[in-house]
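Visitor: Pasting in a structure now, in structure tokens, and then I'll have a few things to ask.
The values are calculated or read from the model by the stated rules, or taken from the named source; none is laboratory data. The structure displayed is predicted, hence computed values, not measured ones. Virtual Cβ from ideal backbone geometry, glycine too; neighbours counted across all protein chains shown. What goes into the accessible areas is simple: the full protein's heavy atoms, side chains included, and nothing from ligands, DNA or RNA. Shrake-Rupley method; radii C 1.70, N 1.55, O 1.52, S 1.80 Å.
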Amino acid sequence: MKKLFVIVLAAIGMVSCMNTDEVIEVKGGDAIAFADVMLDNAVRAAVDPSTTFETIQGFNVWGLMDDVNGVAFEGDEVKRQGEAWTYSPTQYWAPSHTYYFAALSPIGGQWTLNTANGGTLGAGIVNFVNNDGSEDLLYAKAIVTTEADINKQPGAVKLQFQHLLSKVKFTFKSEFPSERQTIKVKDIKMTAAKAGSIDLAVADYTKGWVLTSDQETYSFGDLENTLTINDINGWESAQERLLIPASEDYVYTITFTVELYNGQNLAQTFNETTELTGKALEMGTAYNFVATLSPANLGIYPIQFTVGVDSWVEED
């Protein structure tokens with residue numbers, strides 16, 4: 001008698017974001033230099049919108065048996081229930097076959113999938129619209145070949161999800177020498193690609209995205225705290241954002257407002273704009289762009305004194 005076995009889908013830990021420590025060049029602006037450093041080198045206070053194993057709640061799964069004609073799953077929703085992953089209707093293993101699985105998360109996200117070119121290498125072409133940089137996009141695939149004689153419940157399909165987007169935040173530091181001067185950085189924004197597509201049905205899909213010409217301005221909020229004298233550790237932007245990866249020739253525009261205080265009084269406000277290019281953002285990689293604020297790169301000048309002494313008036 002042929003035995004039927006339920007396919008249980010398991011999502012195990014997310015692939016950790018890589019961190020970068022390369023130096024980048026910024027063209028334009030007012031000589032405020034940006035660099036990306038290891039995430040652990042900055043004060044960690046930003047709101048992180050990316051998905052982790054603890055926060056992933058579900059995914060859509062596609063599954064082929066042997067080739068494109070053997071459809072086992074077709075975008076079925078798999079949802080988390082405690083420690084289990086459940087779906088309906090139940091599908092069953094068959095002996096001596098190879099199954100090809102592909103999954104996307106979150107369910108009902110800002111992505112659509114064209115399965116016309118999907119196959120055993122992957123699900124197809126994903127089109128993604130990045131509305132505000134707060135939604136992650138995850139992908140996983142797995143291949144399982146069943147034994148000729150299935151006489152016990154096979155193990156769950158292991159899906160190791162990877163991030164298809166890049167993660168970005170900002171850190172600002174201060175080189176102002178006086179404790180009487182403090183700095184607030186507000187309204188940090190960055191333009192980036194709003195939409196793009198990636199073909200997951202090719203072996204080298206990680207080579208990148210095809211971007212549309214549309215751009216969106218993503219808000220990173222204000223700096224978490226006020227910068228004080230020689231604040232070399234710096235503070236982070238209130239928000240991290242998830243962006244569509246782009247090649248090194250892509251041009252990002254970064255804007256932010258700097259408020260310089262003398263004591264409790266606002267001395268000056270600077271509205272800064274700079275361009276970032278020559279740096280490819282890669283999928284699954286987290287970037288921390290660091291700017292150091294100083295009197296020189298804000299274009300302000302020190303108060304100086306010249307001294308003279310009156311001569312004595314001589315009385316006869």
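Visitor: Name the most mobile residue of R80, R180, R241, meaning the one with the largest mean-square fluctuation, in a Gaussian network model of the chain with Cα contacts below 10 Å.
Guide: Highest fluctuation of the listed residues: R180.
Visitor: Could you list, in their original order, any pairs among K79/K141; K184/K279; K169/K189; K79/K194; K79/K158; K158/K194 whose Cα atoms are separated by more than 22 Å?
Guide: K184/K279; K79/K194; K158/K194
Visitor: Rounded, prolate or oblate: pick one for the chain, where a ≥ b ≥ c are the square roots of the eigenvalues of its C-alpha gyration tensor, a/c under 1.5 means rounded, and failing that, prolate if a/b is larger than b/c, else oblate.
Guide: Note, shape of the chain comes out prolate.
Visitor: Please get the size of the charge dipole for the chain, origin at its Cα centre, with Cβ charges of +1 on Lys and Arg and -1 on Asp and Glu, quoted in debye to the nearest 20.
Guide: Dipole magnitude for the chain comes out near 1760 debye.
Visitor: Counting only heavy atoms of protein chains, what accessible area per residue, in Å², does the chain have with a probe of 1.4 Å?
Guide: That works out to 53 Å² per residue.
Visitor: Here's another thing I want to ask about it. Select from A116, Q81, W93 the residue farthest towards the positive end of the dipole of the chain; place +1 on Cβ of Lys and Arg, -1 on Cβ of Asp and Glu, and compute about the Cα centre.
Guide: Towards the positive end, the residue furthest out is W93.
Visitor: Heavy atoms only, 1.4 Å probe, whole protein assembly: order W209, W235, W312, W93 by accessible area, highest first.
Guide: Order by accessible area, largest first: W312, W235, W209, W93.
Visitor: Nothing charged except the Cβ atoms of Lys and Arg (+1) and of Asp and Glu (-1): what's the magnitude of the dipole of region 184-230 about its Cα centre? Round to the nearest 20 debye.
Guide: So the magnitude is around 160 debye.
Visitor: Then there is this: Over region 175-289, what is the mean sequence separation of C-alpha contacts under 8 Å (at least six apart), divided by residue count, expressed as relative contact order in percent?
Guide: Reported as a whole number, the value is 31 percent.
Visitor: Okay, moving on. Arranged from highest to lowest average of other beta-carbon atoms within 10 Å per residue, in what order do the peptides 291-299, 278-286 appear?
Guide: Most protected by this proxy first, the peptides run 278-286, 291-299.
Visitor: Quick one: compute the contact order of region 92-145, relative version, from alpha carbon pairs under 8 angstrom and 6+ residues apart, as a percent.
Guide: Value for region 92-145: 48 percent.
Visitor: Next question. Among A72, A123, A102, which one shows the biggest mean-square fluctuation in a GNM of the chain, springs joining Cα atoms closer than 10 Å?
Guide: A72
Visitor: If you don't mind, another one. Carbon and sulfur atoms: what percent of the 1.4 Å accessible area of region 111-238 do they account for?
Guide: C and S fraction of accessible area: 47 percent.
Visitor: Note down the net charge around G63, summing +1 for each Lys or Arg and -1 for each Asp or Glu among other residues with Cβ under 15 Å from its Cβ.
Guide: -3
Visitor: Can you order the peptides 301-311, 259-269, 126-136, 185-195 by their average number of other Cβ atoms within 10 Å per residue, highest first?
Guide: The densest-packed peptide leads the list: 185-195, 126-136, 259-269, 301-311.
Visitor: How much of E248 can a 1.4 Å solvent probe reach, expressed as accessible area in Å² and rounded to 10?
Guide: Approximately 120 Å² of E248 is accessible to the 1.4 Å probe.
Visitor: Out of all DSSP beta bridges in the chain, what portion is antiparallel? Express it as a percent rounded to 5.
Guide: 85
Visitor: Helix-only mean residue ellipticity at 222 nm, the chain, DSSP H runs n ≥ 4 weighted -39,500 (n - 2.57), per residue, nearest 500. What is it?
Guide: 0 deg cm²/dmol
Visitor: A further question follows. Relative contact order of the chain, please, whole-number percent, based on alpha carbon pairs below 8 angstrom and at least 6 residues apart.
Guide: 24
Visitor: Also, quick follow-up: Would you work out which of Y252, N288, L298 lies farthest towards the positive end of the dipole of region 233-301? Charges go on Cβ: Lys and Arg +1, Asp and Glu -1.
Guide: Value computed over the given set: L298.
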